[in-house]
Each structure stands twice: as structure tokens, then as C-alpha cells.
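The values are calculated or read from the model by the stated rules, or taken from the named source; none is laboratory data. Computed from a prediction, not measured in an experiment: that's the story for all the values here. Here Cβ is always computed from backbone atoms with ideal geometry, including for glycine, and neighbour counts include all displayed protein chains. These area figures cover heavy atoms from the full protein model, side chains too; ligands, DNA and RNA do not enter into them. Shrake-Rupley method; radii C 1.70, N 1.55, O 1.52, S 1.80 Å.
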Amino acid sequence: MILYLILLIGAAWLVQSIFGFLQIKHFNKKYAEMRKLGRVAIGKKTGAFRAGTVVLFAIDKRNKIIKAAKMQGVTVFSRVRELKGFEGKYLLKISEEDFNGVDKLTRLAIADALRSYDIISKGGELRVKKGWIDYLIPKKKVLKRG
């Protein structure tokens with residue numbers, strides 16, 4: 001009986017991994033399509049037990065939004081879809097009025113995209129938040145010899 005349970009868990013993990021791979025492949029394809037249009041500002045808002053959201057803004061040299069898209073959901077079946085109402089606006093001049101009809105998670109992801117774009121455009125580096133695996137398996141510091 002335990003063997004069947006282990007096999008079931010292994011099969012479920014394998015299926016989820018395959019769907020996760022396909023989701024990432026779809027995201028990368030959409031990102032590449034937007035990258036052909038110009039620079040791409042990306043923002044995200046992750047949720048532990050609720051839907052996560054990723055927004056992408058393809059912008060021209062003057063920071064005018066050419067195309068906007070978002071991926072939102074809790075499962076590996078989430079896909080990148082068009083985000084309407086932002087084309088033709090300037091990324092750094094998005095106002096509260098532009099957020100009408102946009103859910104809270106998307107607002108937070110857009111705010112993250114604006115923050116990230118501001119940091120990168122000023123020559124800064126984004127801080128990477130530690131994931132749960134980083135807390136379980138801490139990385140060892142490498143000492144430099146001098």
C-alpha cells in the first residue's frame with residue numbers, strides 16, 4: 001500500500017513538473033515576442049496561497065507602452081494574456097485613473113514593474129528575495145584570498 005502511495009506522489013510530481021515546464025516555455029515565448037517590440041518592464045506579486053501575478057510592458061525608447069500583458073493564477077495552467085487599457089500610455093506616468101478595472105494583485109505587480117524599471121534605469125541592481133529553499137539550505141560564503 002505504501003508503495004502505491006509513493007508511486008502516486010511521484011506521478012503527481014512528474015505531471016506537475018511537466019505542466020510547470022510548459023508554463024515557463026509559454027511565458028518565455030511571450031516574453032521573446034514582446035522583447036522584439038522593445039524593452040520589457042516586468043513586475044510580479046507572488047502569493048503564498050493565492051493567485052500570483054506577473055505583468056509585462058513592452059516599451060519604446062520614450063517609455064511609451066507598446067503592449068501590455070499579464071499572467072495571473074494559482075495553477076500551472078495560467079497563461080500570459082493581454083492586459084488592456086495601457087497601450088499608448090507612458091510607463092512612468094501611469095496614474096490612478098489607469099488602474100480602473102484592475103484587480104489589487106495586478107496593481108501591486110504594476111507597482112513592482114515601475115519600481116524595478118526605475119532601479120534598473122538608474123543603473124542599480126534588483127535585490128532577489130530569498131525563497132524558502134534558501135532558508136532550508138543556506139549558501140556558504142566564499143572567502144577571497146588576497
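Name the single residue, out of those in segment 1-27 being touching a residue at least 24 places away in the same chain (Cβ under 8 Å) and open to solvent by less than 80 Å² (accessible area, probe 1.4 Å), that is nearest to F99 (Cα to Cα).
Checked segment 1-27; the qualifying residue nearest to F99 (Cα to Cα) is F27.
Inside segment 64-101, can you point out the residues that are touching a residue at least 40 places away in the same chain (Cβ under 8 Å) and either on the phi > 0 side of the Ramachandran plot or not in a loop (DSSP other than H, G, I, E, B) (or both)?
Residues satisfying the conditions are M71, V80, L91.
Considering (1) of a type in the set (S, T, N, Q); (2) surrounded by 15 or more Cβ atoms within 10 Å (Cβ to Cβ); (3) closer than 30 Å to I18 by Cα, say which one T75 fails and leave the rest.
Answer for T75: the failing condition is (2).
Out of contact with any Gly (no Cβ under 7 Å at 6 or more places or on another chain) and outside any loop (DSSP other than H, G, I, E, B): which single residue out of L108, L126 fits that description?
L108
What is the one condition in (1) loosely packed, with under 14 Cβ neighbours inside 10 Å; (2) of a type in the set (D, E, K, R); (3) within 30 Å of V15 (Cα to Cα) that K30 does not satisfy?
(1)
Does at least one position in segment 116-128 carry a residue that is of a type in the set (A, V, I, L, M), modelled with pLDDT of 85 or more and touching a helix residue (DSSP H, G or I) at 6+ places or on another chain (Cβ under 8 Å)?
Looking through segment 116-128, none of the residues is of a type in the set (A, V, I, L, M), modelled with pLDDT of 85 or more and touching a helix residue (DSSP H, G or I) at 6+ places or on another chain (Cβ under 8 Å).
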